[in-house]
Structures are given as structure tokens and as C-alpha cells.
Amino acid sequence: MADGGWQTCNPALSTWQQFTSDGKTWSKPVEISHFLGRWAGSLLGFGNGILLQRHPRYRGRMVFCGHLGVYNSTQVWYTDDGGDSYKLSATVFDRMDESTLSEL
């Protein structure tokens, strides 16, 4: 984060997460940049990710897509442990910006 406790989004310098269970109060921010490798600084956009429900093998997986910079790349990352760790998928879309996910 920048000295003032904020960062610009083009490009962002790091990626952070927060959790809420009631939609009113939030956890302290936790940096997850180290899970994203060269895509550290990616921002969610414009959705908040999805929780997979349909496929038995992936039920409960949280999946996110993020974008790095403006029209640089969009990538997908996921967690199977409720956000304690993340893995990058092999899916990277070059020259794309904000995106969202859906489960079919």
C-alpha cells in the first residue's frame, strides 16, 4: 500500500482481501499478493468472485478473476480452503480488462 494507506489501481502494487459474515463488519485486510506471482497487484473486477456449487468435485471452491492494469491481462485464481491460500489457474486472457465469472 502507498504511504497514505491507499493505492492507485493502474497499476496496483498489491492484492488484498477482506472477509465479512454479516455484510456490515469486515476483517482486517490481508495481503494475498504472494499467491499471485507475476500478477500481484491484480484487482477484482467487477464482480466479487463465485462459490462453485454444481460440480461435486469443485463444490465449495471460491473462484475469482482479476485484471492487472488497463487492458494488460485478466487471470483466474481460486481457493479450496476458504481463502487461506490461492492457486492460479492456467487461464490468462491477454489484453483484457474487467471480467466476471458464472457457473454453468
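The values are calculated or read from the model by the stated rules, or taken from the named source; none is laboratory data. Predicted, not measured: the structure shown is a model, and the values here were computed from it. Glycine also receives a Cβ, built like all others from the backbone with ideal geometry; neighbour counts cover every protein chain displayed. Keep in mind that these areas ignore ligands, DNA and RNA; they rest on the heavy atoms of the full protein, side chains included. Shrake-Rupley method; radii C 1.70, N 1.55, O 1.52, S 1.80 Å.
Side notes on the structure shown:
- Sum of side-chain charges, Ser85 neighbourhood, beta-carbon under 14 Å (Lys, Arg +1; Asp, Glu -1): -2
- GNM result for the chain, Cα springs below 10 Å: residue of Trp26, Trp16, Trp39 fluctuating most strongly: Trp26
- Carbon + sulfur, % of accessible area of the chain - ligands and nucleic acids excluded, 1.4 Å: 53 percent
- Excluding ligands, DNA and RNA, the accessible surface per residue across the chain is 68 Å² with a 1.4 Å probe.
- For region 15-27, backbone phi angles converted through the Karplus equation (6.51, -1.76, 1.60; θ = phi - 60°) give residue-by-residue couplings of 10, 10, 9, 9, 10, 9, 10, 10, x, 10, 10, 10, 5 Hz, Gly and Pro being listed as x.
- Residue with peak Gaussian network fluctuation, the chain [Cα springs, cutoff 10 Å], from Gly49, Gly82, Gly60: Gly82
- For region 82-92, Karplus couplings with θ = phi - 60° (6.51, -1.76, 1.60), whole Hz, Gly/Pro x: x, x, 6, 8, 9, 10, 8, 7, 6, 7, 9
- Against the empirical curve 2.2 N^0.38 Å, the C-alpha radius of gyration of region 24-104 lands at a ratio of 1.09.
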